[in-house]
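Take a look at the structure below.
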Amino acid sequence: MDRDNKVSITVIRRLPKYYRYLGELLRKGINRVSSQELSNMTGFTASQIRQDLNNFGGFGQQGYGYNVEELHTQLGKILGLDKVYKTVIAGAGNLGQAVANYKGFEDAGFKILSLFDKNPKLIGLKIRDLEIRDVDELADFIVENEVEIGIITTPKENAQEIADIYMKSGIKGIWNFAPADLKVNEDIIIENVHLNESLFTLSYFLNNKSDYVNS
Ligand code: NAI
């Protein structure tokens, strides 16, 4: 890939969807797919898909389409899913425990090492085989275990203090579920998950059905 030409964020946000559909095709034993078939599955136009994938090199062959396994593997590499990321969760309440309980993240290479909380009643409990530790130990734990990703599932009032701990202990990326606009150094990648915004979008479309395009 030409690193001088940055790939646009909208293209990057479509890649996980391609990856997911290709994974489904693989599981069904389908080993060849056209951009038109991918278009029918994803809702993006065939030319959009070809353009998107061309950003990363020509994977398809005219008259053949794409080799599913190869494209899935290549997209996995592009998305960095061929690695294992050590991860921690700060805030072991409802959402933190739900994230820890979902084995799918680990299967995709996001290995959760531990949860951290400040509530003494939670410290020492286990979610699956993952211990909930005192948040006072968070910084040392990150450094000792070379943790790369920090998840934030604390209330929004506490989210910045967790982000500060993550920053000073060398976390590279933050997956933030708290509805807070966090201030972090430029070298930290932050991805916000605002479930409410998605729900409110659903609500909009329920009330404005003619605007709805299935994506
Ligand atoms: P919760 O109240 O069940 O859990 C929050 C946990 O964070 C508690 O265990 C609390 O002791 C801990 N905590 C507070 N300050 C801390 C600190 N400084 N260090 C370590 N731990 C600390 O809340 P819930 O429902 O799990 O929500 C967590 C966050 O996710 C909130 O910001 C919420 O707005 C957001 N969220 C939750 C959703 C949900 O479905 N529960 C959906 C969307 C967003």
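The values are calculated or read from the model by the stated rules, or taken from the named source; none is laboratory data. Values in this document were obtained by computation on a predicted structure and should not be read as measured data. Cβ coordinates were reconstructed from backbone atoms using ideal geometry, including for glycine residues, and neighbour counts include every protein chain displayed. These area figures cover heavy atoms from the full protein model, side chains too; ligands, DNA and RNA do not enter into them. Shrake-Rupley method; radii C 1.70, N 1.55, O 1.52, S 1.80 Å.
Details
- Gyration tensor (alpha-carbon) shape descriptor, the stretch 9-78, a/c threshold 1.5: rounded
- Heavy-atom accessible surface of VAL147, to the nearest 10 Å², is about 10 Å², with a 1.4 Å probe and all protein chains retained.
- Taking the C-alpha atoms only, the angle from helix 68-78 to the longest principal axis of the chain is near 40 degrees.
- Surface accessible to a 1.4 Å probe, per residue, for the residues of the chain, Å²: 62
- Near LYS103: Cβ cut-off under 14 Å, other residues only, Lys/Arg at +1 and Asp/Glu at -1. The net charge is -1.
- Only lysines eight or more places from LYS83 in sequence, or on another chain, were considered; those with a Cα closer than 22 Å are LYS17, LYS103, LYS111, LYS172.
- Global form of the stretch 119-184, assessed from the alpha-carbon gyration tensor, a/c cut-off 1.5: oblate
- Of LEU71, LEU199, LEU130, the residue with the greatest mean-square motion in the GNM of the chain, using alpha carbon springs below 10 Å, is LEU199.
- Share, in percent, of DSSP beta bridges within the chain that are antiparallel, nearest 5: 20
- Fluctuation leader among ILE149, ILE188, ILE132 - the chain, Gaussian network, Cα springs under 10 angstrom: ILE188
- With Cα atoms, 0 to 90° folded angle of helix 156-168 axis to the chain main axis: 90
- In the chain, helices alone account for a calculated mean residue ellipticity at 222 nm of -13000 deg cm²/dmol, with every DSSP H run of four or more residues adding -39,500 (n - 2.57).
- Zone residues, the stretch 181-215, relative to GLU157, backbone N less than 19 Å from point 7 Å out along Cα-to-Cβ: 181-183
- Angle between the chain longest axis and helix 195-207 axis [Cα atoms, degrees, rounded to 10]: 50
- Comparing GLU157, GLU106, GLU146 in a Gaussian network model of the chain where C-alpha atoms under 10 Å apart are linked, the largest mean-square fluctuation is found at GLU157.
- Pairwise centroid distance, computed over Cα atoms, of the stretch 68-141 with the stretch 148-215, Å: 16
- Shape of the stretch 85-197 from the C-alpha gyration tensor: rounded (a/c under 1.5, with a ≥ b ≥ c the square roots of its eigenvalues).
- Only protein heavy atoms count here; on that basis, with a 1.4 Å probe, TYR19 has an accessible area of about 60 Å².
- For ASP82, the solvent-accessible surface with a 1.4 Å probe is about 100 Å², rounded to the nearest 10.
- The candidates PHE110, PHE177, arranged from most to least accessible area with a 1.4 Å probe in the full protein assembly, appear as PHE110, PHE177.
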